[in-house]
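> Following this message is one structure expressed as structure tokens.
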Amino acid sequence: SSLIQAILRELPLCEGSISVSGTISYASQEPWLFNGSIQQNILFGSPMDHNRYKEVVKVCALKTDFKQLPYGDRSLVGERGVSLSGGQRARVNLARAIYKEADIYLLDDPLSAVDTHVGKHLFEKCIKDYLKEKTCILITHQIQYLSSVDQIVLMENANILAEGSYQELQSSGLDFTKLLKSSEETTDGEIDSTNVTNNSLEQLSNLSRQGSIKSIASSIDENKLNGTQAEPVEVAETRSSGKVSHSVYLSYISAGGNAFKILFLLFICIFTQMLGTGGDYWISYWVNLEDNVFRNMESESMNTKNFMTYTVSDSHWVISRQCCVIVYSVINVAMIIVVFIRCATFVSVFISTSMNLHTNMFNAITRATMYFFNTNSSARSPVLGYMNASLQGLSTIRAFEAEEVLSREFDDHQDLHSSAWYIFISSTEALGFALDIICLIYITILTFSFLVVENDIFGGDVGLVITQAISLTGSLQWGIRQFAQLDNQMTSVERVLEYTNVPQEAELESSQ
């Protein structure tokens, strides 16, 4: 594998040089499949040649698999090919390399993931016959095929132990037969354990997918009866237009705990706002009180050293300055305490909500049918999903010289994402600017109206009105933005609730 990686210039050379004449096609040791149909994975951007495609499918032993799959070569492989077995992934990966018209074919251990019968077919029909006029470098542990190759290079620990044809190595002084037997024993042990593991995993996967495959086959049979052949599609997110339904909000709130906690949080939020507004009102009342004292001092002669000694006909203004200070201090202290309680209650309720929703979703996903995992990628975002798939197949992408094509496709995904984000930012700023203009006009009219009104108005009332109006400038814009953001973020809750309702596997039954 390191030799092939060096030929592909994926590994830096410590010494020596590599010269490659001609085009290269590469089949990686770990099969790389992107989320698309089998046909798309085989073509990988190459033009469709039906005769060549049919021949490649035949020599790679994929015809039988296509007959068994619901949609043939149009079946979706899922992310990283999860809907296919290990042997099927390896053969599709090999078919992609064989389909490309190249001068040199680098095949990194494509026979280890298939059984003996299929491996023999791949070697005889694909590697030996179909590529007989091409240069083919095959990395393999299957020593039974060495007698059929032109040149053998035996490597161990980055060193060449032997090189030459099969007959030359046998006739050389090197005990080639013993070396092959030792290698065969080690390799067979690794292959046997790998095959046992792969077979066990495939059997478990097939058993767990039985219900899903049956439902797929039923839908296909129904389509055939109707005279139509459905196209395989990736399961898309459920989309809804308009605002988020009230049931989503209700489910989100109910996930936070009992009704008492929700009502207490609502009460504490209202009470906090009442204290904040009450503090502003009390300052206004205090200013009016001082204004009233000043006006009466000009009209009457009296002792104002102690405010309690001053009395007027209006008992509304009979209060001391010290009492005003005490009341305002109590309001501020109460405000601090209530805000702390509100924050603690808010965090407690919504942390509990998030944990409950996540737990329910996690339990539902772990019990979901295999069809769900086969048809859903790990990331719904096209940008993230595309980057994830590209990073996993960098060696294959570079070997096929598909960087420019994939870069353009990534730019398309990025442009789509950026355009949506740009529209969101632009519309938000435009809305904020329009609201600021409206608030500015409102404050201007409100301020100049006090100059027109001839009634005797207290300064505290004027100050309270202007203060509240100025705070409206930021509060209105922030409130509308938050309301829109709330509706936007609640779509995430809607998705979480949808995942809690995915189809489930049947309950586990014990024989005891």
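> At what distance in nm do the modelled label points of Phe433 and Glu409 sit from each other, each positioned 7 Å from its Cα along Cα→Cβ?
Label-label distance for Phe433 and Glu409, simple model: 3.9 nm.
> What FRET efficiency do you get for Ile341 and Gln482 if R0 is 22 Å and r is their Cβ-Cβ distance, rounded to the nearest 0.05?
0.50
> Please label the shape of segment 41-125 as rounded, prolate or oblate, based on the square roots a ≥ b ≥ c of the eigenvalues of the alpha-carbon gyration tensor (a/c under 1.5 means rounded; beyond that, a/b larger than b/c means prolate, else oblate).
Note, shape of segment 41-125 comes out rounded.
> Could you give the length gained by full extension between Glu498 and Tyr249, i.e. 0.36 nm per residue of separation minus their alpha carbon distance, to one decimal place?
88.3 nm
> Can you give me the C-alpha center-to-center distance between segment 242-265 and segment 5-27, rounded to a whole angstrom?
That distance is 61 Å.
> Sticking with this one: Taking other Cβ within 10 Å of each residue's Cβ, how do Leu384, Leu250, Leu8 sort, fewest first? Don't skip to the answer; put the middle values down first.
Numbers: Leu384 14, Leu250 10, Leu8 19.
Taking fewest neighbouring Cβ atoms as first place, the list is Leu250, Leu384, Leu8.
> If R₀ is 35 angstrom, what is the calculated FRET efficiency for the pair Ile319 and Ser352, using the beta carbon separation as r and rounding to 0.05?
Values: r = 45 Å, r/R0 = 1.29.
Result of the calculation: an efficiency of 0.20.
> In addition: I'd like the projected area of segment 384-512, averaged over all directions, using the convex hull of its alpha carbons. Report it in nm² with one decimal.
Details: hull surface 72.5 nm².
Reported value for the Cα convex hull: 18.1 nm².
> Right, here's the next one. Please order Ser354, Ser85, Ser471 by the number of other Cβ within 10 Å, starting at the fewest.
Ser471, Ser354, Ser85
> Ordered by packing density, taken as the mean number of other Cβ atoms within 10 Å over each peptide's residues, highest first, how do 119-125, 272-278 rank?
Final packing ranking: 119-125, 272-278.
> Okay, next question. Using +1 at the Cβ of each Lys and Arg and -1 at the Cβ of each Asp and Glu in segment 379-491, identify which of Leu440, Gly459, Ala399 lies farthest towards the dipole's positive end.
Of the options given, the answer is Ala399.
> Rounded if a/c is under 1.5, else prolate if a/b beats b/c, else oblate: with a ≥ b ≥ c from the C-alpha gyration tensor eigenvalues square-rooted, which is segment 418-487?
Prolate shape, in that a/c is at least 1.5 and a/b is the bigger ratio.
> What nm distance separates the two modelled labels at Gln273 and Asn258, each placed 7 Å from Cα along Cα→Cβ?
In this crude label model, Gln273 to Asn258 measures out at 2.7 nm.
> Exposure proxy check: Ile42, Ile253 ranked by fewest other beta carbons within 10 Å?
Ile253, Ile42
All of the numbers you see were taken from the coordinates with simple rules; none came from a lab. Just so it is clear, the model here is predicted, and its values are computed rather than measured. Cβ coordinates were reconstructed from backbone atoms using ideal geometry, including for glycine residues, and neighbour counts include every protein chain displayed.
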